[in-house]
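Report on the structure given below.
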Amino acid sequence: MADDHLGEEAQPQSTRPLHSSPLSLHPGGSSHPNIATQIAPTIQPDSDESDEAYAESTTTSYVTSIASEISKGVLENDRIYPNYGKYSYGLPVDEHEMDRLDLQHRKYELLIGDRHFLAPVGPTPQRILDLGTGTGIWALDVADMFPSAEVIGVDIAPIQPKWVASNCQFEIDDVEADWMYKEESFDFIHFRDPLYCIRDWPKLMAQCFSHLMPGGWCEFACIYPVPMCDDGSVPETSGFQTVCMKFMEAGKIWGAPLDVPLHFATYMREAGFVDISENTFKVPASPWPKDKRLKQIGALEMTNLLEGAEAFGSRVFHQVFGWSKEQIEVVLMDMKRDVRNRAYHQYCQ
């Protein structure tokens, strides 16, 4: 049965910090695959600093809000968090976070060529499962893409729209608990940006494997929040670098390490997946690239970082380090300043 299941994932590979050239690894189709390496191209910076089209104030135009109501939650430091699930979730689920999630959706579309996924899913999948669906925007788009398929989005927070297409439904459940779905019942399982949420990855991968039909696909996409730079334009003591290292430290103590994208392939292989493909993409931290598409991605990511910094830091920094709301705001100020600096040609993967 193991050889009948296929796996697909998109993840960063390099653990090196600033001033590095990342690699993209593409394992083959056996339990001990041959690995080919492909060097990600260097991004050319845009020398025109007067580009008003990508000013910070305009990047929010990419945000698509889905009006929905959070029926349950707990209030901490002026943010709402879910009160459902086996473990505490590190990110909020309020209206502000919903906007950020929808912005992330557009960023990923641009990153992979205006597609919703990379896995070679056939033209007529019957059942698709979106783990950690968030606002449900990916599930809704895929339901529209495959009108004959049943698309299920599952999350611990009820922040999805109530009125959806007939072939799309949302369920409130904890993906780390034992799944109630019938085994071998999905053609495609998708999970994007599982940050600060999963503690037991081997169990999750095993459940993904057992619930896929033979020949089905599983795709995980996640950013590795360690800033990098190819041209030496960013000091290693930058505020962005410093805060990201605190994110990494906090995630490890929290029990949900943020370096998990580096281990996706191993977890998948151990679960029984074959034909595992790893794709690495550079995500500029601001609209500094010359390339138009990368500039758009950078504009989205800058907004994500500036507006999402508190989301990533508020609960975890408070509970892990004991920092007050005011202390967290001070720490994030340097990060935001350096993210806005387009002379810093930094990116994550």
Give me the one-decimal nm value for the distance between modelled label points at Lys203 and Glu184, 7 Å along each residue's Cα-to-Cβ direction. 2.5 nm
Glu109 paired with Arg337, simple spin-label distance in nm, labels 7 Å along Cα-to-beta-carbon: 3.6 nm
Given R₀ = 22 Å, FRET efficiency for Ile253-Asn77 by Cβ-Cβ distance, to 0.05? 0.75
Thr266 paired with Asp173, simple spin-label distance in nm, labels 7 Å along Cα-to-beta-carbon: 2.9 nm
Below 13 angstrom from the Cβ of Phe146, what's the summed charge of the other residues (Lys, Arg +1; Asp, Glu -1)? -4
Mark the label point 7 Å from the Cα of Thr42 along Cα→Cβ and return the residues of region 216-249 whose backbone N is within less than 16 Å of it. 228-234
Excluding residues fewer than 8 places away in the same chain, name every one of the lysines whose C-alpha is closer than 22 Å to that of Lys203. Lys86, Lys182, Lys252
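Using a ≥ b ≥ c from the Cα gyration tensor of region 224-342 (square roots of the eigenvalues), is it rounded, prolate or oblate, where a/c under 1.5 gives rounded and otherwise the larger of a/b and b/c decides, a/b for prolate?
Taking the square roots of the gyration eigenvalues as a ≥ b ≥ c, region 224-342 is oblate.
Read-outs: derived from the displayed coordinates by stated rules, not from any lab. Treat the numbers as computed from the prediction; the structure is a model and nothing was measured. As a convention, Cβ positions derive from the backbone with ideal geometry for all residues, glycine included, and neighbour counts pool all protein chains shown.
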